[in-house]
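Below you'll find the structure, written out as C-alpha cells, and then a few comments.
Quick note: the coordinates plus some simple rules give every number you see, no bench work behind them. Given the structure is predicted, the values throughout are model-derived calculations rather than measurements. Cβ sites come from the backbone with ideal geometry, for glycine too, and all protein chains shown count toward neighbours.
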Amino acid sequence: MGVQNRVAIVTGSGSGLGEATAMMLAQNGAKVVVNDVVPEKVDQVVEKIKAAGGEVMGVVADISKKDQAQAMAKQVVERFGRIDILVNNAGISRDKGLLKLTEEDWDIVLNVNLKGPFLLTQAVVPYMKEQKFGRIVNIASRAYLGWPTQANYASSKGGLVSFSRSMALELAKSQITVNCIAPGLIRTPLYDALPENIKENLVKSQPTGTIGKPEDIGYGVLFFADDDADYVTGQTIFICGGKSVLSSLSV
Ligand SMILES: NC(=O)c1ccc[n+]([C@@H]2O[C@H](COP(=O)([O-])OP(=O)(O)OC[C@H]3O[C@@H](n4cnc5c(N)ncnc54)[C@H](O)[C@@H]3O)[C@@H](O)[C@H]2O)c1
C-alpha cells in the first residue's frame with residue numbers, strides 16, 4: 001500500500017503543484033526526481049526535499065525535446081534502478097483570443113503540455129513494462145472543457161485527457177495505469193497577484209466558496225499512484241471545488 005520506495009518523476013516540479021506533489025511523494029516514502037527546465041528551481045526544490053529528509057535527485061530537462069526526455073529516463077534508472085511513477089505535470093499557457101493567437105503560441109503550448117507527456121511516457125514505459133508495474137498521472141485542467149482565450153491551452157489539456165484514455169487501454173495488460181487530474185482554481189503566486197476584486201469574484205464563483213491549494217492535487221496523485229490503485233485506469237478526476245459540475249462557462 002502507498003508509494004513507499006517507489007521511484008517517482010514529477011515534471012515541472014520546480015514550482016507550484018509539481019513542487020507540492022514532489023514533496024508529498026517524498027514524505028510518503030517515494031524516491032523523487034525533481035525535473036524542471038529552470039536549473040535554479042530544480043536546485044531549490046531538491047534542497048527543500050533533502051532538508052525534509054526525503055530521497056531525491058534533480059534533473060534539468062526540457063520535456064518537449066525527445067532527446068532530453070529519453071536522457072532523463074536513462075539517468076533516473078542509472079541512479080535509482082527503476083521508474084515506477086511518472087507525473088506529467090509541467091505545463092504552460094499563452095492565453096489570447098483566436099485572432100491574436102500566433103502560430104508560435106499554439107506550438108509552444110501544445111509542445112509542452114501534450115507532446116511533452118507523450119515523449120516522457122514513451123521514455124519510461126519500456127522500464128515500467130519490464131518491471132510489470134507503472135503509474136502514470138497526467139495533470140490536465142478543468143479548462144479542457146473549453147474556455148474563451150484558451151483555445152491552445154484547452155486543446156492541449158483535452159488532448160492530454162484523450163492521450164491518457166488511449167494509453168490506459170494500450171498499457172492495461174502491462175500492469176501500468178494511466179489517469180488524469182483536472183485541477184480547477186488553485187492558489188499559486190499567479191492567483192495571489194490578481195487584483196482583490198477579481199479574487200473575490202473567483203472565490204464567490206466556487207461551489208465550495210474556497211480556492212484549492214497545491215496539496216489538493218498532490219492528494220489526487222497519491223491516490224492514483226498507490227500500489228493498491230491497480231484497478232483504476234483511464235479516469236479523469238476533477239479537483240476543482242465542484243466547479244466542473246456547473247456550466248464550464250460560469251465564471
Ligand atoms: N495552478 C492552477 O490553478 C492550475 C489549474 C489547472 C491546471 N494546472 C496545471 O497544473 C500544472 C502545474 O501548474 P502550476 O500552476 O504549478 O504551474 P507553474 O508555472 O507554477 O509550474 C510549472 C513548472 O513547469 C516548468 N516547465 C515549463 N516548461 C517546461 C518544460 N518544457 N520542461 C520542463 N519543465 C517545464 C516551469 O519552469 C515551472 O516551474 C500545469 O500543467 C498546469 O497547466 C494548474
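Kindly evaluate Tyr127 against the criterion of being over 24 Å from Asp84 (Cβ atoms) and either of a type in the set (Phe, Trp, Tyr) or away from the ligand (no atom under 13 Å from the Cβ) (or both). Show your work before the answer.
On the way: over 24 Å from Asp84 (Cβ atoms): no; either of a type in the set (Phe, Trp, Tyr) or away from the ligand (no atom under 13 Å from the Cβ) (or both): yes.
No; evaluated as a whole, the condition is false for this residue.
Every residue, every condition in (1) touching a strand residue (DSSP E or B) at 6+ places or on another chain (Cβ under 8 Å); (2) crowded, with 16+ Cβ neighbours inside 10 Å; (3) not in a loop (DSSP other than H, G, I, E, B), yes or no:
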site	(1), (2), (3)
Asn179	yes, yes, yes
Ala182	yes, yes, yes
Asp216	yes, yes, yes
Asp227	no, no, no
Gly241	yes, yes, no
Ser244	yes, yes, yes
Notebook entry, point to check: Out of all the residues in region 218-236, which are more than 18 Å from Met128 (Cα to Cα) and of a type in the set (Gly, Ala, Ser)?
Noted result: Gly218, Gly220
Notebook entry, point to check: Consider Leu110 against the criteria (1) more than 15 Å from Val7 (Cα to Cα); (2) surrounded by fewer than 16 Cβ atoms within 10 Å (Cβ to Cβ): it satisfies all of them except one. Which criterion is unmet?
Noted result: (2)
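Does Ile9 fit the bill of being assigned to a loop (DSSP other than H, G, I, E, B) and either of a type in the set (Val, Ile, Thr) or within 16 Å of the ligand (Cβ to nearest atom) (or both)?
no
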Next item on the list: Give the residue that is farthest from the ligand (Cβ to nearest atom), with candidates limited to residues of region 12-30 that are closer than 11 Å to Gly58 by Cβ and in a loop (DSSP other than H, G, I, E, B).
Entry: Ser13
Checklist line | Of all residues making up region 129-153, the number that are of a type in the set (A, V, I, L, M) and surrounded by fewer than 23 Cβ atoms within 10 Å (Cβ to Cβ) | finding: 3
Note to self: I'm trying to understand the selection: among the residues of region 130-166, which are away from the ligand (no atom under 12 Å from the Cβ), part of a helix (DSSP H, G or I) and not hydrophobic (A, V, I, L, M, F, W, C)?
What the structure shows: Glu130, Gln131, Ser155, Gly158, Gly159, Ser162, Ser164, Arg165, Ser166
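So, Asn28, is that one of a type in the set (S, T, N, Q), out of contact with any Cys (no Cβ under 8 Å at 6 or more places or on another chain) and crowded, with 23+ Cβ neighbours inside 10 Å or not?
Working: of a type in the set (S, T, N, Q): yes; out of contact with any Cys (no Cβ under 8 Å at 6 or more places or on another chain): yes; crowded, with 23+ Cβ neighbours inside 10 Å: no.
Here the answer is no, as Asn28 does not meet what is asked.
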Next item on the list: Tally the residues that are without any contact (Cβ under 8 Å) to a residue 40 or more places away in the chain, of a type in the set (Asp, Glu) and more than 15 Å from Val32 (Cα to Cα), restricting the search to region 69-116.
Entry: 3
Check: Among the residues of region 135-155, which ones are more than 14 Å from the chain's Cα centre (by Cα) and either aliphatic (A, V, I, L, M) or on the phi > 0 side of the Ramachandran plot (or both)?
Finding: Ala143, Leu145, Gly146, Thr149, Ala151, Ala154
